[in-house]
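S.K.: Here it is, the structure in full.
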Amino acid sequence: MKLIYFKQSLIVFGVLLTLGACDTDEKLGVKGDGVVYETNFYRNEKDAYSGLVAAYDKLGKFAGAMENGQLLFLNSASDDFYAGGGGVTDQPGLQVASNYSISPANIPPAIWADYYKGVARCNIMVQKLPGIPMDPALKARYMAEVKTLRAYYYFDLVRMFKNVPLILAPLTKEEIPNVLQAKPQEVYAQIEKDLNEAIGDLPLRIPSNESGRLGQGAAVALLGKVYLYDNKKAEAAAQLAKVNGPTLGTSSMYGYKLLDRFSDLWNHGNKFNSESILEISYSDKSNADWNNFERGDDEGNLVAQLSGMRGYARKKLGIDAGLPDYINGWGFMVVTKELQAALKGDPRYASTIFDAAAARGVDNADVNGLIKYDDSYQETGYHFIKYAVVNDDIKASNPFLNFGVNAYVIRLADTYLLEAEALGGTGARAQALLDAVRLRAGVTVVPVSIPAILAERRLELAGEGHRWFDLVRTGEAAAKLAFKGFQANKNEAFPIPYSEFNNTKMVQNTGYPQ
């Protein structure tokens, strides 16, 4: 999809919409300063498409932002990574997530705000679409997409913050003081309602020229995951079975199939492959630079830059040994020794972790060293490489913000393991689902059980943003994250930023100062 960015307040239905087109053939004829009055918009099919693209836009924050990007933030909060970087003050929002000194005053506000901007854009479309003269089938599809997007945004909000306002229509300034938080169960009920209403109007499969848009399979997979978090295991298993297919190893009704090799998932040219269910597209062709970063032109995958090793360079011995020509990165997402030990001996290790310290030797001056690099904060010698890029990947004038590496939000191995869990971790079907993931990885099968499934999720999905959620929902967070300072009955939800309490009736989450 060609992106057009709408600037808009957190939950207020503003009078003005600011447009900035990254593709000239998508210009809307807006004059002067690029501002169009809302009353003059949403008039036709073209306007509806622009509004749809705006609703999709906030998906890009997943791996396209720094400390307020979900992937970096949640990985830093997990037991698999330290925030890393140049020091305790480098991207402080990641540091406080990593050491659990997080508070309403220091949590990156955009972690909350970007999701509600996405919700607001969806709410406008839900309100405006019925009145736009356009093809009824296309209108139904657009409505289904924005309802699925709204469900996605709320699913992450309720999982991260637990007590969130449930806003389903644009708000005026006069309504904001009355904003209250909904019970989590009410939020889950609305998510499930949106998804169930949307699925039938989404296409069964997405053609290649529409890659990145939502189809039935993505919505069904999301619904199955939501049901599991909502403790509706039978409903979760039923939905996930549709995604996974009745016969494992063959394409499901949506065309999904595990790739033959785990390593093929991390070939960055292998986009929207048969295992991809919900994938976010990033571009190396945007105009992103420091003067406009995170104000509209943030289309590149920032995890690729931020997780690269600081000062990395190959020595002659490293070049001769064929070590990758990784970029000089910023050293975030340092792998913990706990994750390294869990993956050691597993074939997936080679696509997940790079043993930097072993390759460097004693220090950067070691004559037997293959590489040199500078230690990150809380350096362990192990670095994350699923999103790693090499110097040949540099295409843009400002490459730091413009790496075209896509990110998986949901992929088939994830839904295999979720279905096995929803089935109670027992029975032939659950065993077959677990076996399929392990055999593809090249490891021997083990008897299925809930602990075996959860352990497999850690190995298979390392660094993909699932681990913190898995620990919290299974009640393991307090034990697994104690070494980082996690406190039970507090850190299962993040604090709501102080900036969101102005002129509302919201209350802070348990354990944090009001």
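S.K.: Could you check segment 393-451 and list, in sequence order, the residues that are in contact with a Gly (Cβ under 8 Å, 6 or more places away or on another chain), part of a loop (DSSP other than H, G, I, E, B) and polar (S, T, N, Q)?
M.R.: Passing the criteria: ASN402, SER449.
S.K.: Additional query: Out of LYS232, LYS193, which single residue is modelled with pLDDT of 95 or more, among the charged types (D, E, K, R) and within 26 Å of ASN491 (Cβ to Cβ)? Break it down stepwise before answering.
M.R.: Details: LYS193 fails: within 26 Å of ASN491 (Cβ to Cβ).
Testing whether each residue is modelled with pLDDT of 95 or more, among the charged types (D, E, K, R) and within 26 Å of ASN491 (Cβ to Cβ) leaves just LYS232.
S.K.: Mind listing whichever residues of segment 86-104 are in a helix (DSSP H, G or I) and open to solvent by less than 30 Å² (accessible area, probe 1.4 Å)? Write out each step before concluding.
M.R.: The first filter runs over segment 86-104 and keeps only residues in a helix (DSSP H, G or I), leaving 92-99.
Scanning segment 86-104 gives GLY93, LEU94, GLN95, VAL96, ALA97, SER98.
S.K.: Under the condition of being open to solvent by 70 Å² or more (accessible area, probe 1.4 Å), over 30 Å from ILE453 (Cβ atoms) and in a loop (DSSP other than H, G, I, E, B), which residue from segment 470-511 is modelled with the highest pLDDT?
M.R.: Within segment 470-511, the match that is modelled with the highest pLDDT is VAL507.
S.K.: Could you check ASN402 against (1) surrounded by fewer than 23 Cβ atoms within 10 Å (Cβ to Cβ); (2) of a type outside the set (Phe, Trp, Tyr); (3) modelled with pLDDT under 95 and say which number it fails?
M.R.: Status for ASN402: all satisfied but (1).
S.K.: Would you kindly identify the helices (runs of 4 or more DSSP H) lying entirely within segment 136-230 that contain at least 2 residues that are within 30 Å of LEU417 (Cα to Cα) and of a type in the set (Asp, Glu)?
M.R.: On the way: elements: 136-161, 184-199, 216-229.
Where helices (runs of 4 or more DSSP H) fall fully within segment 136-230 and carry at least 2 residues being within 30 Å of LEU417 (Cα to Cα) and of a type in the set (Asp, Glu), they are 136-161, 184-199.
S.K.: Next question, about the same structure. How many residues does segment 456-468 hold that are surrounded by 20 or more Cβ atoms within 10 Å (Cβ to Cβ) and assigned to a helix (DSSP H, G or I)?
M.R.: Total meeting the criteria: 6.
S.K.: Moving on. What's the number of the only condition in (1) part of a loop (DSSP other than H, G, I, E, B); (2) within 27 Å of ILE277 (Cβ to Cβ) that ILE107 fails to meet?
M.R.: If we test ILE107 against (1) part of a loop (DSSP other than H, G, I, E, B); (2) within 27 Å of ILE277 (Cβ to Cβ), just (2) comes out false.
S.K.: Continuing with the same structure: In segment 256-273, what count of residues is obtained for those that are in contact (Cβ under 8 Å) with a residue 60 or more places away in the chain and in a loop (DSSP other than H, G, I, E, B)? So that I can check it myself, show each step before the final result.
M.R.: Filtering segment 256-273 down to residues in contact (Cβ under 8 Å) with a residue 60 or more places away in the chain leaves 256-263, 265-266, 268, 271-272.
Filter once more, so that each one left must be in a loop (DSSP other than H, G, I, E, B): 256-261, 268, 271-272.
Looking only at that region, the number is 9.
S.K.: Inside segment 463-490, can you point out the residues that are closer than 16 Å to ILE410 by Cβ and in contact with a strand residue (DSSP E or B) (Cβ under 9 Å, 6 or more places away or on another chain)?
M.R.: Once the filter is applied, which keeps residues that are closer than 16 Å to ILE410 by Cβ and in contact with a strand residue (DSSP E or B) (Cβ under 9 Å, 6 or more places away or on another chain), segment 463-490 yields GLY463, GLU464, GLY465, ARG467.
S.K.: Identify all residues within segment 474-502 that are in contact (Cβ under 8 Å) with a residue 40 or more places away in the chain and acidic (Asp, Glu); write none if there are none.
M.R.: GLU492, GLU500
Here's the yes/no breakdown for (1) among the hydroxyl-bearing types (Ser, Thr, Tyr); (2) open to solvent by 40 Å² or more (accessible area, probe 1.4 Å); (3) modelled with pLDDT under 90; (4) part of a loop (DSSP other than H, G, I, E, B):
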position	(1), (2), (3), (4)
LYS2	no, yes, yes, yes
THR18	yes, yes, yes, no
ARG43	no, yes, no, yes
SER50	yes, no, no, no
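S.K.: Are any residues in segment 247-281 out of contact with any helix residue (DSSP H, G or I) (no Cβ under 9 Å at 6 or more places or on another chain) and modelled with pLDDT under 95, and if so, which ones?
M.R.: Within segment 247-281, THR247, THR250, SER251, GLY269 qualify.
S.K.: Return the only residue of ALA365, ALA313, ALA304, ALA342 being modelled with pLDDT of 95 or more and assigned to a helix (DSSP H, G or I).
M.R.: Details: ALA365 fails: assigned to a helix (DSSP H, G or I); ALA313 fails: assigned to a helix (DSSP H, G or I); ALA304 fails: modelled with pLDDT of 95 or more.
Just a single option satisfies the conditions, and that option is ALA342.
S.K.: Oh, and also: Go through segment 316-326 and give me each residue that's touching a residue at least 24 places away in the same chain (Cβ under 8 Å), out of contact with any Phe, Trp or Tyr (no Cβ under 7 Å at 6 or more places or on another chain) and not in a helix (DSSP H, G or I). Reasoning before the result, please.
M.R.: First, the residues of segment 316-326 that are touching a residue at least 24 places away in the same chain (Cβ under 8 Å): 317-318, 321, 323-326.
Among the residues that remain, those that are also out of contact with any Phe, Trp or Tyr (no Cβ under 7 Å at 6 or more places or on another chain) are: 317-318, 321, 323-325.
Within segment 316-326, ALA321, LEU323, PRO324, ASP325 qualify.
The values are calculated or read from the model by the stated rules, or taken from the named source; none is laboratory data. Because the structure is a prediction, the values reported are computed rather than measured. A quick note on method: Cβ atoms are made from the backbone with ideal geometry, for glycine too, and the neighbour counts reach across all protein chains shown. We work out accessible area using only protein heavy atoms, side chains counted, and drop any ligands, DNA or RNA first. Shrake-Rupley method; radii C 1.70, N 1.55, O 1.52, S 1.80 Å.
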